[in-house]
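The values are calculated or read from the model by the stated rules, or taken from the named source; none is laboratory data. Since the structure is predicted, the reported quantities are computational estimates derived from the model, not experimental observations. Because the Cβ atoms are built from the backbone with ideal geometry, glycine has one as well, and the counts that use them run over all protein chains shown. To get the accessible areas, we keep the full protein, side chains included, count just its heavy atoms, and leave off ligands, DNA and RNA. Shrake-Rupley method; radii C 1.70, N 1.55, O 1.52, S 1.80 Å.
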Amino acid sequence: MEQVVLDQNNMKALRFGGISPDVLRELSGVYQPFVKAVKEIISNSYDADAEVVELEFGTDFESLTITDDGNGMGPIEFIRDYIRIGKSYRKSELTAIKGRPRIGGKGIGFLAPARYCEMIEVKTKKKATYEDKVQFELSGVKEIDVEHIFLYGHENEAVLNCIEIKRVTDEYGNEVPTQIDGFKIKFEQLTYHKCDIWYVYDASDFELTAKINFNKLFSLEPSKSLEQIDNFCEITIETVTGQKKHQSYTQIKLHNIKEFVRNDLKDEGKKGARNVASLSGFDQFEWNLSRIIPVNAKIHENIPSELRDYIRDEIDRAKDSIPINIFIKNDESKEALERRIIKPVTKLDFQHDKDIVKKLELFDENNKMFAKGFLVGQSSLILPAELRGILIRVKGVAVGEPTFFGFDQILSGSSKVALTQISGEINIFTGIDAVEDINPGRDGFYKESKVYNLVKKQVVGEYPDRVTGVIKELIDAIIARSDINASLVNFQKKYQSYRDTILEASQVIANLAIENPEVEDAFYESTDMSDLKLCPSVLPKAEGKLSSFSVYEVEDLEDGENGYKVNYETKELFLDKNADIWKRNINIGRQNFDIELKQGNKKNVKMFCQVNPTTRKIYINWDHPIRTSMGDTQFIKHCLATIASNLPQDQLDTYVSLMTSKV
């Protein structure tokens, strides 16, 4: 690499105009914690159309080097866009090559790492030739010389040989009649308006290196103006040869990272950590970085395929090259960074679980879609806790922490618990102004932000004291699922106990019949069937309900598991009649008898049970008062024993009275 001589020190100091060190100190504290400062650097790489960004920590986390393959910067861009406080001129909404929506725009990004390191070193280069512009506001001039603009900050005259002034346009894009001689521009008439001076720059020969000394900057007296500071930013321009001429890149190195940051990164965390706050410092850094920059989501296999495609194609817009590829090097490892989202504890199906899996499309007052997102609920607590809530992203960059728009502080009881079982994201594509809507450091939205309030209204409703909208639907669905799942557990236990009791009784009867065949013969003797046979059957649950779900017994249930299938959307529970758990049949003498539970009170029946050997039916009076005293399973045993023993039920009134009466 051949150096171009600039002056006796081969460097040129750069100054700011009229900004107090106190102001810069305040601005440097905007990006907290450290990971947000790194995110801001990567945001610049993203806006530079970088495909890949690599982060590499030095030994003991003393330094961090961030390298991208983006468009790079020439001297003018570096001074105008990177090292400037505030925006110099409004850029297009989309980046030049990939058409990404720009995510920068505050104009203080270079200060992001200031409180975390002593100095940053920037190496940047553009490849080939590009066209750009500088802006002037003219007040009655007919001739200007713009050479000093292209030398500002470095005064390397070799750069001038690579720049050609092409044309001048007014603020509306109309060409202004001029005569251009090198860097001298003559206007045909006196000019009093803003104008853009367009130039072509062959940047392939030059690499810019800048060192920004934060220690020196922040050691200044509060009253000191930066107009008197030399060597705040030292710029060196060197020529390049060979393959490097055809490359563009930016590399930013944070030197001498502060001890408190290094201690945080070296923290080993807690063993068996379930939440991000208990992970190691480095793992926390990776986790948080993945959530706040536009990278692809790490989508768990339990996410339905329809939602998986929606997140990848519609929210992250992977096919449009919107996400950026981040690789973090630490020691010997190099890992691709993916954004963490919810990992459902069970596999979800988009149709079956549509009550807790939601695609979101948000529209403005003109019915134009401005954001897309998703919500996922589950029947258990979401871990890690940092995934609970809705993460709002603007053009792929997270703003603030996941939120329920304050309703996590208002709701109570089961509704509040349900919020701990909801996770999601919303990505706002259009309508947001980085300055007007988002506070510095991207910690949140301003309360008056029109777009933020539009999102809030469509997600949780417009009432300050009660939640409506899609979040209310999700809360209700989670509570309903919780109720039916808890009821199902008890329901299955009960019916499994019935099944176990019947099978046990069947085995005992078979064993007894070996020595006493009359035990089985009793089931083949006809009894008077005029009573229980005509009584209504007992439904799986009183009035066919379990929790708030309707219950149906069906033949050959498809897609059922464990003998049942739940439709959470329609609140229906289907029981497979052929599933063993629901069967109430008993084998007597190698013949199957179906046991039917009957509502004896409907016919004022006092008998425990009856048997019909012709139809192989055993009827049990489920309304009999002695069942309450015995319990369900003992009552079933009692009825089967009564038949096997051939007891005269009409002579057991005293027995029943003793079993059911209370003094």
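With respect to the chain, whose longest principal axis is taken over its alpha-carbon atoms, helix 450-460 is tilted by about 10°. Taking the 1.4 Å solvent-accessible surface of region 272-386 as the whole, the part contributed by carbon and sulfur is 43%.
The order of L111, L160, L190, L279 by accessible area, most exposed first and with a 1.4 Å probe, is L190, L279, L160, L111. In region 525-640, the DSSP beta bridges split such that about 60 percent are antiparallel, to the nearest 5. With all protein chains kept in place, the per residue accessible area of region 489-660 amounts to 56 square angstrom at a probe of 1.4 angstrom. Reported to the nearest whole Å, the Cα centre-to-centre distance from region 138-172 to region 566-614 is 93.
With unit charges on the beta carbon (Lys/Arg positive, Asp/Glu negative), name the residue among L360, T346, I328 whose Cα is farthest towards the positive pole of the charge dipole of region 291-391. About the Cα centre, the residue reaching furthest to the positive side is I328. Each of T178, V159, V146 was scored by the projection of its Cα onto the charge dipole of region 129-202, and the greatest displacement toward the positive side belongs to T178; charges sit on the C-beta of Lys, Arg, Asp and Glu. Expressed to the nearest 5 percent, the antiparallel share of DSSP beta bridges inside the chain is 80 percent.
Of the beta bridges in region 251-389, as assigned by DSSP with both residues counted there, near 85 percent are antiparallel. Against the longest alpha carbon principal axis of the chain, how many degrees, from 0 to 90 and to the nearest 10, is the axis of helix 469-515 turned? Computed tilt is about 30 degrees. Taking Lys and Arg as +1 and Asp and Glu as -1, the other residues whose beta-carbon sits under 11 Å from that of E572 total +2. Based on DSSP H segments of at least four residues, each scored -39500 (n - 2.57), the chain has a per-residue ellipticity at 222 nm of -7000 deg cm²/dmol. As an exercise, identify the GluC sites (Glu not before Pro) in region 527-614 lying in DSSP coil whose Cβ has no more than 15 other Cβ atoms within 10 Å. For GluC sites (Glu not before Pro) across region 527-614 that sit outside H, G, I, E and B with at most 15 neighbouring Cβ atoms in 10 Å, the list reads E555, E558, E569. Among the lysines of region 129-202, pairs at least eight places apart or on separate chains and with Cα atoms under 12 Å apart come to 4.
As a ratio to 2.2 N^0.38 Å, the alpha-carbon radius of gyration computed for region 253-330 takes the value 1.40.
Around the amide H of T403, modelled in the peptide plane, lie the amide H atoms of I390, L391, I392, all under 5 Å away and 5 or more residues distant in sequence or on another chain.
With respect to the chain, whose longest principal axis is taken over its alpha-carbon atoms, helix 632-644 is tilted by about 30°.
Carbon-plus-sulfur accessible fraction, region 129-202 (probe radius 1.4 Å, protein heavy atoms only): 42%.
Excluding ligands, DNA and RNA, the accessible surface per residue across region 129-202 is 58 Å² with a 1.4 Å probe.
Please name whichever of L279, Q32, G469 sits farthest to the positive end of the charge dipole of the chain, dipole taken about the Cα centre and charges placed at Cβ: Lys and Arg +1, Asp and Glu -1. The residue sitting most towards the positive pole is G469. At a probe radius of 1.4 angstrom, the accessible area of region 293-410 per residue rounds to 45 square angstrom. The alpha carbon convex hull volume per residue for region 489-660 rounds to 126 Å³. With pairing defined as another cysteine C-beta under 4.7 Å, the cysteines of the chain that fail it are C117, C162, C195, C233, C535.
For a straight C-alpha distance cut-off of 18 angstrom, the aspartates and glutamates reachable from K270 (same-chain residues fewer than eight places away being disregarded) are D283, E286, E386. Scalar couplings 3J(HN,Hα) for region 134-139, obtained by applying the Karplus form with A = 6.51, B = -1.76, C = 1.60 to θ = phi - 60°, are 10, 10, 10, 10, 9, 10 Hz; x denotes Gly and Pro. Pairs with C-alpha atoms separated by more than 26 Å, drawn from the list K329/K358; K565/K602; K244/K329; K36/K447, are K329/K358; K565/K602. Computed from point charges on the beta carbon alone (+1 for Lys and Arg, -1 for Asp and Glu), the dipole magnitude for the chain about its Cα centre is near 1360 Debye. For the chain, the relative contact order comes to 11 percent (Cα pairs under 8 Å, sequence separation of at least 6). Between C609 and N621, the built amide H atoms are under 5 Å apart, and every one of these is 5 or more places off in sequence or on another chain. For region 276-282, backbone phi angles converted through the Karplus equation (6.51, -1.76, 1.60; θ = phi - 60°) give residue-by-residue couplings of 4, 4, 9, 6, 5, x, 5 Hz, Gly and Pro being listed as x.
Which percent of the accessible heavy-atom area of region 420-520 goes to carbon and sulfur, probe 1.4 angstrom? Within region 420-520, the accessible surface is 51 percent carbon and sulfur.
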